[in-house]
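Just below is one structure, and these are the notes that go with it.
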Amino acid sequence: MADFILKPPSPCHLPSVQENESETVEAIVEKSEAPPLEYRAQDHDFSTGQARKRAIAILIVLTNLVPMISFGLGIGGGLIIGQSLGVDGPSQAAWIPASYSLTSGAFVLMTGRLGSIYGHRNILLGGAGWWIVWSFINAFCNNFIAFNTARALSGIGAAMIVPNAIAVIGTTLPPGKMRNLSLGFFGAGAPVGGWLGALFAGLLAELTPWKWLFIFMAILGLIVFGSLALLLPSEDPPSKSEQMDWVGSILGISGLISFNFVWNQAPTVGWDTPYEIALLITAVIFFVAFGVWEHKFAQHPILPLSIFRAPSFLPLVIVVLFSFMSYGTFIWYLVAWQQEVRHWSALSTSIGLTPIAICAAFAAFIAAWLIPRLAAQWILAIGALAVLVAQIILATMPAQQSYWPSVFPATVIQSFCPDFIFTAAAIIASNSVKKSEQGIAGSLIGTLQLYATSIGLGFAGFVEVHTNDHGLSTVRGYRSALYFGMGMAAVALAICALGVRMPKDTREGWQGEDTTPNLRQKTEETNCVV
């Protein structure tokens, strides 16, 4: 901020100075830059020691990392666990990662709203406890159905954690560099956590029975979330006087789950199975009913139409959806190719994914740095282009080849996809909606990220089983699945180029409707003084 030049008193500010004779200009300016009172969970939040604030910030970032480690366990160890449970092939074993991301994506639709009503802190920690319990139970499931059921239930806990952690960032940090960096670190938790999960799966699966993977996750969760519970201050829920839209939640989640189940089950049982068609029709009915209820009857909808009034928001949603569908397909079939075609061990495969963790962490910083310097559609376009190029490299590589010519550059390039897309989308959503809708905005972004990964595996598996010559041409099936992912990325890139127009975000501090009337008055008085 430029140096202040004090001028003689004028009528516009004399009353303010007289009423606050002991208040300096610097104090007024300091107040104008502070978050409005409605954004403060409790007054003592701002008196919290710096060391405690840093610890809370680190733990909030870890709240995304830990659930994504669990997702990475399913990616890196999915084929091994599937074989031990009597299931072979990536199209069927895909349920192991898909069941977790299915519920963690679908239930995100309501858990952000629950946080707005009952407190983001309460829902976050409640979900953490649920996640720890079912992660531990997962270790003792001895058949495929029971295993995936427990995985799906633990995914509900992840759905309660992630959007409310995003909301904590959005309601405590004003727009600017700190929020951008925090969201960038938070976004990096997805690819970095996925890689760590794959690494742990490869390491522990070769040394111990796979059940120790989930015992380890339960212990890790207990340490991280237990520490957060001790440090995170209480809050005043922004929408505590409102009611939860239970009808809309049930309709929306039922539609998402049934639609996803149909496509992930189709590669195993085929479309000739009667319940596949019945469930698909049921899913469509749920979606239609959800739209009618939210538009006509819901007093406090879990997905208010006002969120979509922002320019280019609907194309943005489609870009995020298709990009993460492509991203999930890339990761799963890269692992399958290395383990099933080239006969790499789970540990060797996870080590080969190391560039994802390194480059994704680097990409998080770049994405946060670019937000105020580059229009959001170009950040999104870079993310979509990255996964498109990576898909092309992987789909066209020879069946047998060393790691460096194709797999290495593909993993490096695609690692820029999730961070660029997630960070841009999260910042746009967080900066576009009111404080009371922060949880809803976080829910929408979380739903797109996680649900797209799950449904993408279902579509890709369907393509694989219908092009692999009844299992006789494994490589052909894998290539076809990767071509599908390539198509999703190409469509996302085209929609981004044609339909998304987002300005650079250069704000610093609370502005516009986020500012309380009293703060606006103070700001006006300060402008008169300066």
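The values are calculated or read from the model by the stated rules, or taken from the named source; none is laboratory data. Bear in mind the structure is a predicted one, so any value in this text is a computation, not a measurement. Cβ placement follows ideal geometry from the backbone for every residue including glycine, while neighbour counts extend to all protein chains displayed. Heads up: the accessible areas ignore ligands, DNA and RNA and are worked out on the full protein's heavy atoms, side chains in. Shrake-Rupley method; radii C 1.70, N 1.55, O 1.52, S 1.80 Å.
Show the residue pairs that are 6+ apart or on different chains and have beta-carbon atoms under 6 Å apart, the first residue being within segment 333-360 and under 20 Å from Val87 (Cβ atoms), the second being outside any helix (DSSP H, G or I) and open to solvent by 10 Å² or more (accessible area, probe 1.4 Å).
The qualifying pairs are Gln338/Trp344; Val341/Ala399.
Enumerate the pairs (first residue in segment 180-204 and of a type in the set (Gly, Ala, Ser); second residue anywhere and at pLDDT 90 or above and not in a helix (DSSP H, G or I)) with beta-carbon separation below 9 Å, excluding pairs fewer than 6 apart on the same chain, so at least 6 apart or on different chains.
Within 9 Å, the pairs are Gly194/Leu353; Ala198/Leu353; Ala201/Trp210; Gly202/Ser345.
Pro175 passes all but one of (1) at pLDDT 90 or above; (2) open to solvent by less than 10 Å² (accessible area, probe 1.4 Å); which number fails?
Of the numbered conditions (1) at pLDDT 90 or above; (2) open to solvent by less than 10 Å² (accessible area, probe 1.4 Å), the odd one out for Pro175 is (1).
Any chance segment 337-345 includes a residue that's open to solvent by 40 Å² or more (accessible area, probe 1.4 Å) and on the phi > 0 side of the Ramachandran plot?
So far as segment 337-345 goes, yes, one or more of its residues are open to solvent by 40 Å² or more (accessible area, probe 1.4 Å) and on the phi > 0 side of the Ramachandran plot.
Could you run through segment 351-373 and say how many residues are over 22 Å from the mean Cα position of the chain (by Cα) and either on the phi > 0 side of the Ramachandran plot or open to solvent by less than 40 Å² (accessible area, probe 1.4 Å) (or both)?
The number of residues fulfilling the criteria is 1.
Starting from segment 80-98, keep only residues that are within 15 Å of Thr149 (Cα to Cα) and touching a residue at least 24 places away in the same chain (Cβ under 8 Å), then list their pairs with residues that are of a type in the set (S, T, N, Q) and not in a helix (DSSP H, G or I) whose Cβ atoms are within a distance under 7 Å, requiring at least 6 positions of separation or different chains.
Filtered contacts from segment 80-98: Leu85/Asn143.
Quick check on segment 113-164: of everything there that is of a type in the set (Ser, Thr, Tyr) and buried (at least 21 other Cβ atoms within 10 Å of the Cβ), which residue is farthest from Ser241 (Cα to Cα)?
Ser135
So which of Pro315, Pro301, Pro238, Pro267 is in contact with an Asp or Glu (Cβ under 6 Å, 6 or more places away or on another chain) and surrounded by 17 or more Cβ atoms within 10 Å (Cβ to Cβ)?
Pro301
When the residues of segment 213-260 are filtered to those that are at pLDDT below 90 and of a type in the set (S, T, N, Q), which remaining residue is farthest from the chain's Cα centre (by Cα)?
Only one residue fits best here, namely Ser241.
Go through (1) more than 25 Å from Met68 (Cβ to Cβ); (2) open to solvent by 20 Å² or more (accessible area, probe 1.4 Å); (3) in a helix (DSSP H, G or I) one by one and return the number of the condition Gly477 breaks.
Single failed check for Gly477: (2).
Among the residues of segment 379-389, is any more than 22 Å from the chain's Cα centre (by Cα) and surrounded by 16 or more Cβ atoms within 10 Å (Cβ to Cβ)?
There is at least one residue in segment 379-389 that is more than 22 Å from the chain's Cα centre (by Cα) and surrounded by 16 or more Cβ atoms within 10 Å (Cβ to Cβ).
Against the conditions (1) modelled with pLDDT of 90 or more; (2) open to solvent by 10 Å² or more (accessible area, probe 1.4 Å), where does Ala201 fall short? Just the number, please.
With (1) modelled with pLDDT of 90 or more; (2) open to solvent by 10 Å² or more (accessible area, probe 1.4 Å) applied to Ala201, the lone miss is (2).
Please find, within segment 270-298, the residue that is modelled with the lowest pLDDT out of those that are β-branched (Val, Ile, Thr) and either in contact with a Gly (Cβ under 9 Å, 6 or more places away or on another chain) or surrounded by 15 or more Cβ atoms within 10 Å (Cβ to Cβ) (or both).
Val288
For the subset of segment 271-296 comprising residues that are in contact (Cβ under 8 Å) with a residue 40 or more places away in the chain and not charged (D, E, K, R), which member is nearest to Leu102 (Cα to Cα)?
Checking each candidate, the answer is Phe290.
Among the residues of segment 180-219, which ones are over 16 Å from Gly76 (Cβ atoms) and hydrophobic (A, V, I, L, M, F, W, C)?
Leu181, Leu183, Phe185, Phe186, Ala188, Ile215, Ala218, Ile219
Let me confirm something: among Val87, Val66, which residue is part of a helix (DSSP H, G or I) and modelled with pLDDT of 90 or more?
The match here is Val66.
Of (1) under 30 Å from Glu242 (Cβ atoms); (2) surrounded by 24 or more Cβ atoms within 10 Å (Cβ to Cβ); (3) hydrophobic (A, V, I, L, M, F, W, C), Ile69 satisfies all except one. Which?
Just one mismatch for Ile69, condition (1).
Give the residue, chosen from Leu385, Leu347, that is touching a Leu at 6+ places or on another chain (Cβ under 8 Å) and closer than 18 Å to Ala489 by Cβ.
Leu385
Could you list, in sequence order, all residues of segment 367-384 that are in a helix (DSSP H, G or I) and farther than 16 Å from Gly189 by Cβ?
Across segment 367-384, the qualifying residues are Trp369, Leu370, Ala376, Gln377, Trp378, Ile379, Leu380, Ala381, Ile382, Gly383, Ala384.
Would you mention how many residues in segment 84-112 are among the small types (Gly, Ala, Ser) and open to solvent by less than 10 Å² (accessible area, probe 1.4 Å)?
Total satisfying the criteria: 9.
In the list Leu251, Leu230, which residue meets the criterion of being more than 30 Å from Trp95 (Cβ to Cβ) and either open to solvent by less than 60 Å² (accessible area, probe 1.4 Å) or aliphatic (A, V, I, L, M) (or both)?
Result of the check over Leu251, Leu230: Leu230.
State the number of residues belonging to segment 380-395 that are over 17 Å from Val192 (Cβ atoms) and either without any contact (Cβ under 8 Å) to a residue 40 or more places away in the chain or among the aromatic types (Phe, Trp, Tyr) (or both).
Of the residues in that region, 3 qualify.
For the condition modelled with pLDDT under 70, in a helix (DSSP H, G or I) and among the aliphatic types (A, V, I, L, M), what is the one hit in Leu519, Leu482?
Step by step, each of Leu519, Leu482 is checked, and only Leu519 is modelled with pLDDT under 70, in a helix (DSSP H, G or I) and among the aliphatic types (A, V, I, L, M).
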